[in-house]
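First comes the structure, then the notes that go with it.
The values are calculated or read from the model by the stated rules, or taken from the named source; none is laboratory data. Please read these numbers as outputs of a predicted model, since none were measured by experiment. Cβ sites come from the backbone with ideal geometry, for glycine too, and all protein chains shown count toward neighbours.
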Amino acid sequence: MIKEKYKEWNVLYTGEKYLYDFIDNIIYSKNLLILKELKNDQRSLVLLVTHMGKKLILKSPLEKNRRKWIRFTTLFRNGEAFKAILNMERLNNVGIRTNNPVMAIEKRVFGMVSDSWILFEYEEGEPCAEEHYALAVQKLKEIHAKNMLHGDAQIRNFLYNGKEVITIDCNPKRIWLGNISKAYEYIYLEKSAEGIDEHFDFSRSSFSYKIAQKYSDLYWSWRRLKRKIRRKKT
């Protein structure tokens, strides 16, 4: 990865200089060929675009760009866009198939990230259907075998392209609680794919699973409470 400055943007990219023209199209001229808007909500804007004959995904992590605490933490570490593109490179380097990274850009104000975009190659495929659940579980095992956690192990982040399963939106982290961390990811995956647990090869009666399940219950109870409090405020 090459890191440079272009106008007021910090750029992390794979080495293709034409990307500076792409930045101008994104930010300044707004002259961008959009094939489809994949997502547009308070969390993120995700677009399927084309440039020089390539299908690409352009994403802006709106919520993380906007939140004051997350902005503050970028004084000491990479912002969301730089983290995402480096994670893609890291996974591909260890043999875990994911999107090929192209570029990330970020603007900093007083040293904090205030705006950022990520660009990566589009991968054909659909979230794993029930007949491909075993392949999704196998892919998660492969990630764990690299001493990594997926970081967002929902079934929508395991795409089947007709030949193999590709993982996307992966936020790999080091496994620091051994089998407890692994079990939690399986529990999280099961929440988005009913019946996928028949392909798991660990015991629900194991100590690791019970601890992970307890943590999962507490986590989702806390999430429900937060949503309830927010609704009352509005």
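Only one of these is touching a Leu at 6+ places or on another chain (Cβ under 9 Å) and among the acidic types (Asp, Glu): Glu121, Glu130. Name it.
Glu121
Yes/no per residue for (1) in contact with a helix residue (DSSP H, G or I) (Cβ under 7 Å, 6 or more places away or on another chain); (2) outside the structural domain of Leu56 (by TED's automatic domain parsing); (3) buried (at least 16 other Cβ atoms within 10 Å of the Cβ):
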position	(1), (2), (3)
Trp69	no, no, no
Ala84	no, no, yes
Asn87	no, no, yes
Ile96	yes, no, yes
Ile105	yes, no, yes
Asp115	yes, no, yes
Ile155	yes, yes, yes
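What is the number of the single condition among (1) surrounded by fewer than 19 Cβ atoms within 10 Å (Cβ to Cβ); (2) among the basic types (Lys, Arg); (3) more than 30 Å from Ile27 (Cβ to Cβ) that Lys139 does not meet?
The single condition Lys139 does not satisfy is (1).
Since Asp24 meets every condition but one in (1) under 19 Å from Met112 (Cβ atoms); (2) assigned to a helix (DSSP H, G or I); (3) out of contact with any strand residue (DSSP E or B) (no Cβ under 7 Å at 6 or more places or on another chain), which condition does it not meet?
Unmet condition: (1).
Among (1) within 24 Å of Glu124 (Cα to Cα); (2) surrounded by 13 or more Cβ atoms within 10 Å (Cβ to Cβ), where does Tyr184 come up short?
Of the numbered conditions (1) within 24 Å of Glu124 (Cα to Cα); (2) surrounded by 13 or more Cβ atoms within 10 Å (Cβ to Cβ), the odd one out for Tyr184 is (1).
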